[in-house]
1. In whole percent, how big is the carbon plus sulfur part of the accessible area of the chain, probe 1.4 Å, protein atoms only?
2. According to the Cα gyration tensor, what semi-axes, each the square root of 5 times an eigenvalue, does the equivalent ellipsoid of the range 10-84 have, listed from largest to smallest in whole Å?
3. If you count only protein heavy atoms with a 1.4 Å probe, what accessible area per residue comes out for the chain, rounded to a whole Å²?
4. How much length is gained if the chain between residue 54 and residue 110 is pulled fully straight, taking 0.36 nm per residue apart and subtracting their Cα-Cα distance, in nm to one decimal?
5. What distance in nm separates the two pseudo spin-label positions at residue 78 and residue 134, each 7 Å out from Cα along the beta-carbon direction?
6. Under 10 Å, Cα contacts only: if you run a Gaussian network model on the chain, which one of 30, 129, 57 comes out with the highest mean-square fluctuation?
7. So what's the convex hull volume per residue for the Cα atoms of the chain, in Å³?
8. 222 nm [θ] for the chain, helices only, -39500 (n - 2.57) per DSSP H run of 4+, per residue, to 500?
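The values are calculated or read from the model by the stated rules, or taken from the named source; none is laboratory data. Computed from a prediction, not measured in an experiment: that's the story for all the values here. Cβ placement follows ideal geometry from the backbone for every residue including glycine, while neighbour counts extend to all protein chains displayed. Surface accessibility is based on the protein's heavy atoms, side chains included, excluding ligands, DNA and RNA. Shrake-Rupley method; radii C 1.70, N 1.55, O 1.52, S 1.80 Å.
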Amino acid sequence: MNRTLAIIKPDAVAAGKAGKVLAHLEDAGFTVRAARMTRLNRAQAEAFYAVHRERPFFASLVSFMTSGPVIPFLLERDNAVLQLRETIGATDPAEAAEGTIRQRFAESKERNAIHASDSDENAAVEIGFFFSHHEILGL
Ligand code: CMP
């Protein structure tokens, strides 16, 4: 078992799809070990996406991610990082495989419903961004 971080993004929360996204994750075999609803401020969104700071879409991404509530989850299962990325599908919903979360719920390449960590190293950093040790629940 290992861990990864997912964030249901403002588009999916605003569209009332958060429950369906969580059900999709649970049906795909993930166990929720921590969760909260929060709204990122500008500094938090810029820090979370610092790796994309030089990208042309950075300002728009920060604006989108601060536009409304998000729901971060700490998820656990075997091979969690890779399995979650397969479950959510490609960044662009037009390229996402049939039955993936982004194919089902994303609006566009930016408003793409859900974020997932891209490596075990980044998962550890991103989990620490949202959750303290005492908020992570065991069975
Ligand atoms: P995410 O997995 O959260 O990681 C970075 C985010 O930047 C990505 O999902 C998209 O929301 C956004 N993104 C990536 N590429 C583009 C792009 N070409 N145009 C707009 N937004 C993008």
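1. In the chain, the share of accessible area belonging to carbon and sulfur is 50 percent.
2. Over the Cα atoms of the range 10-84, the semi-axes work out to 25, 16, 11 Å.
3. Result: 52 Å² per residue.
4. Numbers: separation 56, 0.36 × 56 = 20.16 nm, distance 1.58 nm.
In short, 18.6 nm is gained.
5. With each label placed 7 Å out from Cα toward Cβ, I get 3.5 nm.
6. In this elastic network of the chain, the residue with the biggest mean-square fluctuation among 30, 129, 57 is 57.
7. Roughly 102 Å³ of hull volume per residue.
8. On the way: 7 runs with 55 residues, N = 139.
Computed mean residue ellipticity for the chain: -10500 deg cm²/dmol.
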